[in-house]
Amino acid sequence: MVNRGLFYLGAHEPQWLHRTDVPLFISHKRLIRYMKDLPIAKTRWALDSGAFSELAKYGEWLTTEAEYVHAVLTYQDEMGELDCVHLEDEPIVGVGSVCRRQATGEATAIFASLRPLRLHGFGVKLSGLTRFGHFLTSCDSLAWSYEAWKQDARLPGHQTHKHCGNCLDYALHWREGVIRRMEESDGHRTSRSP
Ligand SMILES: [Zn+2]
């Protein structure tokens, strides 16, 4: 289950790896811009290849396998704490493209049918987590950023920006709420079990 497993907070800013100790999920597309000034990670993190968005946007792969492998090795070498490098030891199946189905029983059925594989849910939302989080070994979510942007949400005292869609404090606050909701739904599920 995710709350006892691993919830990676999606982040735009690689520098957050240096500023927080919660697990982060960062896109290769973002990180490659910082190749000459990579931060040293003080928290565990996982790398999103960005392949899905590349394919969706351009209709083809623009990053070669060799380029990607080279980048991953550089990240691991210079930043450290990279989780995905270790995935070969304990295979984890990544399940994505469920974004639009998360509030339905369909996503839950998909994850349930894939059990007992060790699953990582890509880009999950809060509505999805409470439904099928217990089937996942790990997952990631950048939903906080979209939510803050869409609702012009700001934490008290954050007048310097229009919304907190790129704000670590907001992201951590959102993450706390997610973990709490996960624990609550887990508690309900356990108490219903015979
Ligand atoms: Zn803010």
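The values are calculated or read from the model by the stated rules, or taken from the named source; none is laboratory data. Because the structure is predicted, anything quoted here is derived from the model rather than measured. Cβ: placed from backbone, ideal geometry, glycine included. Neighbour counts: every protein chain shown.
Looking across 59, 96, 80, one residue alone is farther than 23 Å from residue 35 by Cα, of a type in the set (Gly, Ala, Ser) and modelled with pLDDT of 80 or more. It is 59.
Counting only helices (runs of 4 or more DSSP H) that sit wholly inside segment 125-192, those with at least 2 residues that are away from the ligand (no atom under 16 Å from the Cβ) are 126-132, 168-192.
Per-residue answers, yes or no, for (1) modelled with pLDDT of 90 or more; (2) surrounded by fewer than 16 Cβ atoms within 10 Å (Cβ to Cβ); (3) closer than 24 Å to residue 47 by Cβ:
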position	(1), (2), (3)
101	no, yes, no
128	no, no, yes
132	no, no, yes
150	yes, yes, no
154	yes, no, no
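Contact map, segment 156-167: residues that are more than 19 Å from residue 143 (Cα to Cα) paired with residues that are more than 8 Å from the ligand (Cβ to nearest atom) and acidic (Asp, Glu), Cβ distance under 6 Å, separation 6+ or inter-chain. No pairs are found.
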